[in-house]
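The values are calculated or read from the model by the stated rules, or taken from the named source; none is laboratory data. The model shown is predicted, which means the values in this text are computed figures rather than measured ones. Cβ placement follows ideal geometry from the backbone for every residue including glycine, while neighbour counts extend to all protein chains displayed.
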């Protein structure tokens, strides 16, 4: 998907606890904090978040962010730097943007996983065993009639 300079994006990306709307430029995290990003940074955040934890080639980023505008790779490097600074300034624990030298960038976003304690798992199995036991008793009683 290309987000041109004159196109209005109606997309919203949510990954982990982060969300971005390139149309409004609002980026927010799960704690309710949010900030406005200028259009090129909003597009950059959007493309990186849509490919979270995957390396995005420099050429792809340039093509998607600047479309038909001719820019050099320094423009992308500057935009990445500006995005990092803005996120660090406004959020306590911003997603990390990893540089893959000579290749591209990767936005590291940790996916929250539900961690269940040993006792929760044990309780779940006990419930299954009890249900199975009750079904067996009902089947045996039904056969005896």
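Which residue out of 83, 76 is surrounded by 10 or more Cβ atoms within 10 Å (Cβ to Cβ), assigned by TED's automatic domain parsing to the domain that holds residue 19, farther than 16 Å from residue 19 by Cα and in contact with a helix residue (DSSP H, G or I) (Cβ under 8 Å, 6 or more places away or on another chain)?
Numbers: 83 fails: farther than 16 Å from residue 19 by Cα.
Of 83, 76, the one residue that is surrounded by 10 or more Cβ atoms within 10 Å (Cβ to Cβ), assigned by TED's automatic domain parsing to the domain that holds residue 19, farther than 16 Å from residue 19 by Cα and in contact with a helix residue (DSSP H, G or I) (Cβ under 8 Å, 6 or more places away or on another chain) is 76.
Do we find a residue being out of contact with any strand residue (DSSP E or B) (no Cβ under 8 Å at 6 or more places or on another chain), touching a residue at least 12 places away in the same chain (Cβ under 8 Å), assigned by TED's automatic domain parsing to the domain that holds residue 18 and surrounded by fewer than 14 Cβ atoms within 10 Å (Cβ to Cβ) anywhere in the range 42-57?
Within the range 42-57, the subset out of contact with any strand residue (DSSP E or B) (no Cβ under 8 Å at 6 or more places or on another chain) is 43-44.
Within this subset, residues satisfying the condition of being touching a residue at least 12 places away in the same chain (Cβ under 8 Å) are 43-44.
When the remaining residues are screened for being assigned by TED's automatic domain parsing to the domain that holds residue 18, the result is 43-44.
Cutting the leftovers down to surrounded by fewer than 14 Cβ atoms within 10 Å (Cβ to Cβ) gives us none.
No: the range 42-57 contains no residue that is out of contact with any strand residue (DSSP E or B) (no Cβ under 8 Å at 6 or more places or on another chain), touching a residue at least 12 places away in the same chain (Cβ under 8 Å), assigned by TED's automatic domain parsing to the domain that holds residue 18 and surrounded by fewer than 14 Cβ atoms within 10 Å (Cβ to Cβ).
Given the options 48, 41, name the one that is in contact with a helix residue (DSSP H, G or I) (Cβ under 6 Å, 6 or more places away or on another chain) and either on the phi < 0 side of the Ramachandran plot or at pLDDT below 80 (or both).
Details: 48 fails: in contact with a helix residue (DSSP H, G or I) (Cβ under 6 Å, 6 or more places away or on another chain).
Criteria check complete, one pass: 41.
Starting from residues that are more than 15 Å from the chain's Cα centre (by Cα) and in a loop (DSSP other than H, G, I, E, B), keep the ones in the range 86-102 and report whichever is surrounded by the most Cβ atoms within 10 Å (Cβ to Cβ).
91
Quick test for you: out of 108, 140, pick the one residue that is within 27 Å of the chain's Cα centre (by Cα) and either without any contact (Cβ under 8 Å) to a residue 12 or more places away in the chain or loosely packed, with under 13 Cβ neighbours inside 10 Å (or both). Full working, then the answer.
Working: 140 fails: within 27 Å of the chain's Cα centre (by Cα).
When all the criteria are applied, what remains is 108.
Could you check how many residues of the range 91-122 are farther than 18 Å from residue 14 by Cβ and at pLDDT below 85?
Total satisfying the criteria: 9.
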